[in-house]
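Below: one structure, written as structure tokens.
The numbers here are math on the coordinates, done by the rules we state, and not lab data. Computed from a prediction, not measured in an experiment: that's the story for all the values here. A quick note on method: Cβ atoms are made from the backbone with ideal geometry, for glycine too, and the neighbour counts reach across all protein chains shown.
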Amino acid sequence: MDERIQRGRLLEAWSRILKSWGQRERQLEDLRRAKAWYEAAGAAGCAKRVAEELEWASRALSQESHNPKLHYGMLVAHPRTTAVIDLIERYKESRLPILVFGETGTGKELIARAVHESKGANRPWIALNCGAMPRELVESELFGSVRGAYTGAVVDRQGVFERAHGGTLFLDEIGELPLSAQTRLLRVLETGEITRVGDSQIRRVSIQLVAATHKDLQAGIREGWFRSDLYFRLEGVVLEVAPLRERPEEIEPLGRHFLGQFEQELGRTIEVDESFWRELRSQPWPGNVRQLRRAVERAVMGLRPGQMLTSSELMDSTFSNLAPAPAEPRDAERGRILRALERSGWNKSDAAKLLGLKRTTLLSIMKRSGIPYTRES
């Protein structure tokens, strides 16, 4: 048998296995390779069969990516969001720290909630915004304090680590922590032990930690405002939430979801013109999901009873002074690609899936960013 035909058959068989595993993009990639081998061997009948299967598989992937699904209370309709959910599912039995990257308003707390729910919701859930605390009270908020530890400490109090014991602790904007608190946080993550401010008693805690930031922590390490050892300790599982402009398939489903919430709040059904959804889909949404929700709310709440919701309502209330969203900085893009390659062992297909990209797109970005094809020794 011609070796090229044999390779085509092996790839075709493997593509069926990938289909059963739900790995649609890799299935398509292997079908294309099988078709190329058949064509090289002059096996027109086999190539035609695979071409038909390719067409059906492409349609299935397109339909799958455009049909929103509900996962942990989140609407998902884009491969990059699906990849995040897949990682949450894969590590739901693990206690590895989880680090969530994403722009402001992308839904990082929803991702943290999904991590919490994946491990069983009947457990403590504590969330703390590290950027919203007075710097002099950061360590007290995190680790607790005893009476007399500082001015105003009139009673013993638990910190968030103690309150989250047995459950999930979400530290939002972890990049805002002062270096002194970062040092103590590293110690807690390494030993599972805390000491309240002003106390000497050691207390053991067991938590699932989820930390999130919109900042580039690797830049923070270079610039000296974030500890490298803490970064590597937090980087157990890394989840990257794409900005809304990079997952446009989710804009209308999210808008419809928010509309339904406001209809329920008002106790009436609102008729919507198609121009409203068209305008939603066309905008860059620099404020991401948070901005989208506020825009729909503002447009709906300004309607008179019986009035149709149109694009003019949305534009008048939302976009008069909006500047386009800036492109992702080259250094941030390069760092995102390198992190995905490291997590996948430099397997380009797996890295592309983590990033929600096609393999060819990933290779193009790697070339543009000066990233070598293989890991440098």
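A few comments on the model shown:
- Amide H contacts of Glu240 (H built 1.01 Å from N, under 5 Å, at least 5 apart or other chain): Phe101
- Max mean-square fluctuation residue, GNM over the chain, Cα-Cα springs under 10 Å, options Gln23, Gln264, Gln158: Gln264
- Treating each Cα of the chain as one equal point scatterer and applying the Debye formula with no solvent, the log10 of I(q)/I(0) at q = 0.09, 0.10, 0.14, 0.15 Å⁻¹ comes out as -0.67, -0.81, -1.25, -1.33.
- Rg/Rg_globular for region 88-171, with Rg_globular taken as 2.2 N^0.38 Å and Rg from C-alpha atoms: 1.26
- R0 of 35 Å, Cβ-Cβ distance Ile202-Ser228: FRET efficiency to nearest 0.05: 0.85
- Taking a ≥ b ≥ c as the square roots of the eigenvalues of the Cα gyration tensor, an a/c ratio of 1.5 or more together with a/b larger than b/c marks region 164-313 as prolate.
- For region 209-284, chymotrypsin sites (Phe, Trp or Tyr not before Pro) are listed when DSSP marks them as loop and at most 16 other Cβ atoms sit within 10 Å of their Cβ; the list is Trp225.
- Percent of beta bridges antiparallel (DSSP, region 71-242, rounded to nearest 5): 20
- Relative to the current alpha-carbon distance between Thr151 and Ser282, full extension at 0.36 nm per residue lengthens the span by 41.8 nm.
- Rounded to the nearest Hz, the phi-derived 3J(HN,Hα) couplings of region 292-302 under the Karplus curve 6.51 cos²θ - 1.76 cosθ + 1.60 (θ = phi - 60°) are 4, 4, 5, 5, 5, 4, 4, 5, 5, 5, x, where x marks glycine and proline.
- Whichever lysines have a C-alpha closer than 27 Å to that of Lys367, once near sequence neighbours (fewer than 8 apart) are set aside: Lys35, Lys215, Lys348, Lys353, Lys358
- Percent of beta bridges antiparallel (DSSP, the chain, rounded to nearest 5): 25
- Across Gly302, Gly287, Gly107, mean-square fluctuation computed from a Gaussian network of the chain (C-alpha pairs under 10 Å connected) peaks at Gly302.
- Distance histogram in 5 Å bins (all Cα pairs of region 1-43, percent per bin): 6, 30, 29, 17, 12, 5, 0
- Radius 10 Å from Cβ of Glu117, net charge of other residues (Lys, Arg +1; Asp, Glu -1): +4
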